[in-house]
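The values are calculated or read from the model by the stated rules, or taken from the named source; none is laboratory data. Predicted model, so just to flag it, every value in this text is computed and none were measured. Positions of Cβ are generated from backbone atoms using ideal geometry, with glycine treated the same way; all protein chains shown enter the neighbour counts. Areas reflect the complete protein model, heavy atoms only, side chains present, ligands, DNA and RNA absent. Shrake-Rupley method; radii C 1.70, N 1.55, O 1.52, S 1.80 Å.
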Amino acid sequence: MPSYQDIYVRDNFGDTGVFPSTGVPYMSPDIIPLQSGTLSVEQAISTYGGPDQGKHILNPGLNNIYIRAKNLQPGGTETGTASLYFAKTSLVMLPDTWRNNQLLTSAGQSSVSFVNASGSTNLNPNDIALSSPAFFWSSVPDPTWSHCLVAIVNTPNTVVTIPARFASNAAYVQWVQNNPAVAWRNIIIVPNGQANVIKNVEFSNQDSVPHYFYFSLTARNCPLNTAVTMQCTHQSCPINWNGTIPAPDPNGNQIIGFQNSVPAGFLSGSLAMSATAPSGQTFPRGMTLDLMAYQVPASQLFDELDEIERDVVRHYEVTEDHLVKGLAKDGGGKMLIKLGQVNFVVPA
């Protein structure tokens, strides 16, 4: 796989600039909401390897949001700018839901330059840089929803074009994985001590045919028998599912989920997820809930998939009760297209 040679933002902590990226592409640690706090370039450099510095968005309240980047241009200096967008948290975040929702700085700037540790906008090879000034958000449009953030990096050598639409779900996934200059943050911070999480997450199917989706929830460090419900009240795609968090498997994962048909051209669905700890318990520090959506291709024969589907499909281990337990070894398992993921985190 080729390695990117320009200014890039990471999809996750393991992202080194190789593309298509591996791992979860919706957990960018380089999109950093800090509420009323501020971040220096020195702090951005010292925490580049972790831990994640991001906080949950306050509404109402002051939210300073920074974009961190690294210059992988091997020779000479490079300049770049960052732009930031928002959308309702979604498992399939299509561009028409966010391309017109741009965040600005307090001075009204929509595009902000990166600066390195010396304050220069000319970034040397391997420089870690920070957008300056921060983007500013004080009024979230719908306080009943969590919102995800999308960062775009433009340089003289790389100008990102945001598509108006995609021909298929698979084409959207391919665009996400092949753009090191684009990063998503679908991380929802859950305050410590809570016993209940209720969030709305959007999902869609822009294909011209219906598909079965797997909705998979993987918990870690979650109280045993936490009650989970997922519901969609849209008449064309009704969902009313209940489950409980099981004991962890040998890898520490507590996995539940279900399969549901999603009709063709279904572009506006809300999946309401509720997780409630057993009576007398609260969610502990370090707990995570990862909600994922996978599309089942029309065929399980690789040669019958179109070119884009063959590029993004992966083999997953799936149990008889529709639990997606991770990538399968040696090409076995079921072929699925991972559409998106939302991460609920109780900071450690």
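The strands (runs of 3 or more DSSP E) found wholly in the stretch 132-235 and carrying at least 1 residues that are among the aromatic types (F, W, Y) and surrounded by fewer than 22 Cβ atoms within 10 Å (Cβ to Cβ) occupy 135-137, 211-220. Got a number for residues in the stretch 152-174 being closer than 30 Å to T77 by Cα and touching a Phe, Trp or Tyr at 6+ places or on another chain (Cβ under 8 Å)? Qualifying residue count, the stretch 152-174: 3.
A quick yes/no check of all residues on (1) in contact with a strand residue (DSSP E or B) (Cβ under 8 Å, 6 or more places away or on another chain); (2) acidic (D, E):
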{"residue": "M27", "(1), (2)": "yes, no"}
{"residue": "E42", "(1), (2)": "no, yes"}
{"residue": "G75", "(1), (2)": "no, no"}
{"residue": "S83", "(1), (2)": "yes, no"}
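Of all residues being open to solvent by 40 Å² or more (accessible area, probe 1.4 Å) and either aromatic (F, W, Y) or not in a loop (DSSP other than H, G, I, E, B) (or both) in the stretch 248-261, which is nearest to H234 (Cα to Cα)? Just the residue, please. Top of the filtered list is S261.
Answer with yes or no whether T81 is free of Cβ contacts under 8 Å to residues at least 60 places away in the same chain, open to solvent by 10 Å² or more (accessible area, probe 1.4 Å) and either among the small types (G, A, S) or more than 24 Å from N205 (Cα to Cα) (or both). Against the criterion (free of Cβ contacts under 8 Å to residues at least 60 places away in the same chain, open to solvent by 10 Å² or more (accessible area, probe 1.4 Å) and either among the small types (G, A, S) or more than 24 Å from N205 (Cα to Cα) (or both)), T81 does not qualify.
Residues of the stretch 140-195 being closer than 30 Å to G286 by Cα and β-branched (V, I, T), which ones? Scanning the stretch 140-195 gives V140, T144, V150, I152, V173, V176, V182, I187, I188, I189, V190. Residues of the stretch 87-103 that are touching a residue at least 12 places away in the same chain (Cβ under 8 Å) and open to solvent by 30 Å² or more (accessible area, probe 1.4 Å): K88, D96, T97, R99, N101, Q102.
Looking across the stretch 160-178, the residues that are in contact (Cβ under 8 Å) with a residue 40 or more places away in the chain and within 14 Å of the chain's Cα centre (by Cα) come down to Y172, V173, V176, Q177.
Inside the stretch 216-251, residues that are under 15 Å from P284 (Cα atoms) and among the small types (G, A, S) make up a count of 1.
Within the stretch 37-57, residues that are over 18 Å from M27 (Cβ atoms) and surrounded by fewer than 17 Cβ atoms within 10 Å (Cβ to Cβ) reach partners that are modelled with pLDDT under 95 and among the basic types (K, R) with beta carbons closer than 8 Å, at six or more positions or on different chains, in the pairs G37/K55.
Looking across the stretch 25-53, the residues that are within 27 Å of L91 (Cβ to Cβ) and part of a loop (DSSP other than H, G, I, E, B) come down to P25, Y26, S28, P29, D30, L34, Q35, G50, P51, D52, Q53. Where strands (runs of 3 or more DSSP E) fall wholly inside the stretch 262-348, the ranges with 2 or more residues that are in contact with a Pro (Cβ under 8 Å, 6 or more places away or on another chain), more than 25 Å from A247 (Cα to Cα) and open to solvent by less than 60 Å² (accessible area, probe 1.4 Å) are 334-345. Contact map, the stretch 284-311: first residue farther than 20 Å from F213 by Cβ, second residue among the aliphatic types (A, V, I, L, M), Cβ cut-off under 6 Å, separation 6 or more or different chains; pairs are R285/V346; R285/A348; G286/A348; M287/V346; T288/V345.
List pairs: first in the stretch 322-334 and on the phi > 0 side of the Ramachandran plot, second β-branched (V, I, T), Cβ under 9 Å, 6+ apart or cross-chain? That search, which allows pairs on different chains as well, returns G326/T218; G326/I255; G333/V318.
Within the stretch 7-24, being touching a strand residue (DSSP E or B) at 6+ places or on another chain (Cβ under 7 Å) and in a loop (DSSP other than H, G, I, E, B) holds for V9, R10, D11, N12, G17, V24.
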